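Let me begin by presenting the structure, written as structure tokens, before commenting on it.
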Amino acid sequence: MWPRVDGMRSMELGTPDEMRVRLNSLVLSGRKTATTGLLAEYVEETEGLEYVGERLALLDGHGRSVAVIEVTGVRRTTFAGVTWEHAAAEGEGDADLEEWRAGHRRFWSTEGTPVEDATPVVCVAFKVVEKKA
């Protein structure tokens, strides 16, 4: 199960190092309003998908909440089915969908889960509703 903080499920972006610091900074600045996860991770962790209106604690690399985010959209698709609109909303500076795909393939491959075009993913859109001090 994913950690619970202040009665909410949590979201932990990337890996708990400089990557998470960078991704959380993008969220807190309003540049990152979406993320993509592997459906297999939900199954492995026995977690249901997020739902519109759900509030999540955004965690830093030490398990502390840095913000509360509210889910504004959830879409199951395949890796190849991720749209440029969603990829751009991830706010990581990718120039196009192919660059986004290459970066995400590299990330998941280094995490031990190579992805194919047909790999099921979950696209989550969100907004920050509270920043923690």
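The values are calculated or read from the model by the stated rules, or taken from the named source; none is laboratory data. What you are looking at is a predicted structure, and each value in this text was computed from that prediction instead of being measured. FYI the Cβ positions are ideal-geometry reconstructions off the backbone, even for glycines, and counts take in every protein chain you see. Quick note on the areas: whole protein, heavy atoms, side chains included, nothing else; ligands and nucleic acids left out. Shrake-Rupley method; radii C 1.70, N 1.55, O 1.52, S 1.80 Å.
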* Out of all the residues in the stretch 1-27, which are open to solvent by 50 Å² or more (accessible area, probe 1.4 Å), under 14 Å from GLU92 (Cβ atoms) and either aliphatic (A, V, I, L, M) or touching a residue at least 40 places away in the same chain (Cβ under 8 Å) (or both)? -> MET19, VAL21
* To do: Of all residues in the stretch 100-124, count the ones that are over 18 Å from THR33 (Cα atoms) and more than 14 Å from the chain's Cα centre (by Cα).
  => 15
* Structure fact -> Of the residues in the stretch 1-34, those that are closer than 15 Å to VAL68 by Cβ and among the hydroxyl-bearing types (Ser, Thr, Tyr) number 2
* Between residues in the stretch 76-88 that are at positive phi and residues that are surrounded by 13 or more Cβ atoms within 10 Å (Cβ to Cβ), which pairs lie under 6 Å by C-beta distance while being six or more apart or on different chains? -> none
* Structure fact -> Per the filter on the stretch 98-111, residues in a helix (DSSP H, G or I) and closer than 22 Å to ARG20 by Cα are GLU99, TRP100, ARG101, ALA102, GLY103, HIS104, ARG105, ARG106, PHE107, TRP108, SER109, THR110
* Structure fact -> Counted residues in the stretch 66-88 being surrounded by fewer than 18 Cβ atoms within 10 Å (Cβ to Cβ) and among the small types (Gly, Ala, Ser) come to 4
* **Matching option when the condition is out of contact with any His (no Cβ under 7 Å at 6 or more places or on another chain) and assigned to a strand (DSSP E or B), among VAL52, VAL74** => VAL74
* Residue among GLY63, GLY93 that is surrounded by fewer than 17 Cβ atoms within 10 Å (Cβ to Cβ), out of contact with any Phe, Trp or Tyr (no Cβ under 9 Å at 6 or more places or on another chain), in contact (Cβ under 8 Å) with a residue 24 or more places away in the chain and part of a loop (DSSP other than H, G, I, E, B) -> GLY63
